[in-house]
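K.L.:
The structure follows.
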Amino acid sequence: FLFSNYLDGVVAVVGDKAVLKSDVLDQAYMVANQKNILSSDARFERIFEAVLQEKVHRLIVLNSAEKDTSIVVSYSEINSELDSRIDYFLTSFGSEVALEEAMGMNIGDIKEEYWETVKEELMVDRFRYSLFGDISVSSKEVEVFYNEYKDSLLPSPSLFDFSVLEFLPFQLLKSCFF
């Protein structure tokens, strides 16, 4: 929505879901704006790559969460989370008018645009909690355990199918689409 006049494309595919360049760029610009970083700044490339990596990781977990029938997210939970995020962005942008101008849509359209994303994020959070909610392990404990038992650890069976993705360097990606 922010940069819809640029040619869009798929930058990653996880399962049956595609990650669009425009979605990554929109979120990267939003993060950069919050940190007062211009898109011409070298740090913007790191923001873009971090946003892309986060989206891919989230989709991998979402793929498993959607298969787990015990993971349920209600309409009211999604609405509440959307309202919280809108309030946060209103604070960041200073006013409803500034937010709507930056997003290129009114508050109702913003909520509609982000509805599915928020639902997916809540599902991912619930799924992660269902797996790891009661676990607290330090990286040192993992390292000690691995070093002590590495010879007896069996290879893990595959839990899902995935493809290896090669990401174009940001500058090459930028030149292809701008």
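K.L.:
Could we say that S70 is out of contact with any Pro (no Cβ under 6 Å at 6 or more places or on another chain), open to solvent by 50 Å² or more (accessible area, probe 1.4 Å) and not basic (K, R) here?
P.N.:
Yes, satisfied.
K.L.:
What about D87, is it over 27 Å from K17 (Cβ atoms), not β-branched (V, I, T) and not in a loop (DSSP other than H, G, I, E, B)?
P.N.:
Here the answer is yes, as D87 does meet what is asked.
K.L.:
Only one of (1) touching a residue at least 24 places away in the same chain (Cβ under 8 Å); (2) open to solvent by 40 Å² or more (accessible area, probe 1.4 Å); (3) outside any helix (DSSP H, G or I) fails for E49. Which number is that?
P.N.:
Unmet for E49, out of (1) touching a residue at least 24 places away in the same chain (Cβ under 8 Å); (2) open to solvent by 40 Å² or more (accessible area, probe 1.4 Å); (3) outside any helix (DSSP H, G or I): (3).
K.L.:
Check region 22-41 and report whether any residue there is touching a residue at least 60 places away in the same chain (Cβ under 8 Å), within 19 Å of the chain's Cα centre (by Cα) and open to solvent by 60 Å² or more (accessible area, probe 1.4 Å).
P.N.:
yes
K.L.:
Would you pick out the residues in region 105-134 that are open to solvent by less than 90 Å² (accessible area, probe 1.4 Å) and among the aromatic types (F, W, Y)?
P.N.:
If the condition is that a residue be open to solvent by less than 90 Å² (accessible area, probe 1.4 Å) and among the aromatic types (F, W, Y), then Y114, W115, F127 are the ones that fit.
K.L.:
Right, next: Just to be sure, is Y88 under 17 Å from the mean Cα position of the chain (by Cα) and among the hydroxyl-bearing types (S, T, Y)?
P.N.:
Against the criterion (under 17 Å from the mean Cα position of the chain (by Cα) and among the hydroxyl-bearing types (S, T, Y)), Y88 does not qualify.
Yes or no, residue by residue, for (1) among the hydrophobic types (A, V, I, L, M, F, W, C); (2) at pLDDT below 90; (3) within 30 Å of K35 (Cα to Cα):
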site	(1), (2), (3)
E81	no, no, yes
E96	no, no, yes
L122	yes, no, yes
F132	yes, yes, no
E148	no, no, no
L153	yes, yes, no
P157	no, yes, no
D161	no, yes, no
F178	yes, yes, yes
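The values are calculated or read from the model by the stated rules, or taken from the named source; none is laboratory data. Quantities reported herein were computed from a predicted structural model and do not represent experimental measurements. Cβ coordinates were reconstructed from backbone atoms using ideal geometry, including for glycine residues, and neighbour counts include every protein chain displayed. These area figures cover heavy atoms from the full protein model, side chains too; ligands, DNA and RNA do not enter into them. Shrake-Rupley method; radii C 1.70, N 1.55, O 1.52, S 1.80 Å.
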